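Enquirer: If you scroll down you'll find the structure; I have some questions about it.
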Amino acid sequence: MPDPAILLCLCTCPDAASAQKLAETLVGERLAACVNRLPGVLSTYRWRGEVSTGGEELLLIKTTAPRFEALKARVLELHPYELPELVALPMELGHAAYMDWVRANVAD
């Protein structure tokens, strides 16, 4: 059986407190092996017919494809936004030892 695919998930948060809570929960519950927080992101978007710009924190979440649905459910449960951003990109290449570490740290 091949190793599960590794995903890099992107999720924006409105502030440091909500970003930290999500990061700690996802890693603590083994839904993510690692979450990087990037403060100072400036996002421009359309919401309810209006164009808005605001500061956010971007989370870079490393997980596996089999854990994505559980991770998504937890993000939707905890996130303060009505419609949180959560997109997943496959990590097709990477340092093999790091990829193995991600898999080991999100195992059921």
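Enquirer: Output the qualifying pairs, or none if there are none: Cβ atoms under 8 angstrom, residues six or more apart or on different chains, first residue in region 70-82 and more than 16 Å from Asp15 (Cβ to Cβ), second residue polar (S, T, N, Q) and not in a helix (DSSP H, G or I).
Expert: So the pair list comes out as Leu71/Thr63.
Enquirer: Quick check on this structure: which one of Arg103, Arg67, Arg74 is in contact with a helix residue (DSSP H, G or I) (Cβ under 8 Å, 6 or more places away or on another chain) and either hydroxyl-bearing (Ser, Thr, Tyr) or assigned to a helix (DSSP H, G or I) (or both)?
Expert: Matching residue, one of Arg103, Arg67, Arg74: Arg74.
Enquirer: Mind telling me which of the residues Val87, Val27, Val35, Val51 ends up being under 12 Å from the mean Cα position of the chain (by Cα) and loosely packed, with under 14 Cβ neighbours inside 10 Å?
Expert: Val87
Enquirer: When the residues of region 21-67 are filtered to those that are acidic (Asp, Glu) and without any contact (Cβ under 8 Å) to a residue 24 or more places away in the chain, which remaining residue is farthest from Ala104 (Cα to Cα)?
Expert: Glu50
Enquirer: Test Ala32 against the criterion of being out of contact with any strand residue (DSSP E or B) (no Cβ under 6 Å at 6 or more places or on another chain) and not in a strand (DSSP E or B), and give yes or no.
Expert: Judged against the criteria, Ala32 is not a match.
None of the figures in this text is laboratory data; all of them are computed from the coordinates on show. Since this is a predicted model, take the numbers as computed values, not measurements. All Cβ positions, glycine included, derive from the backbone under ideal geometry; neighbour counts span all protein chains shown.
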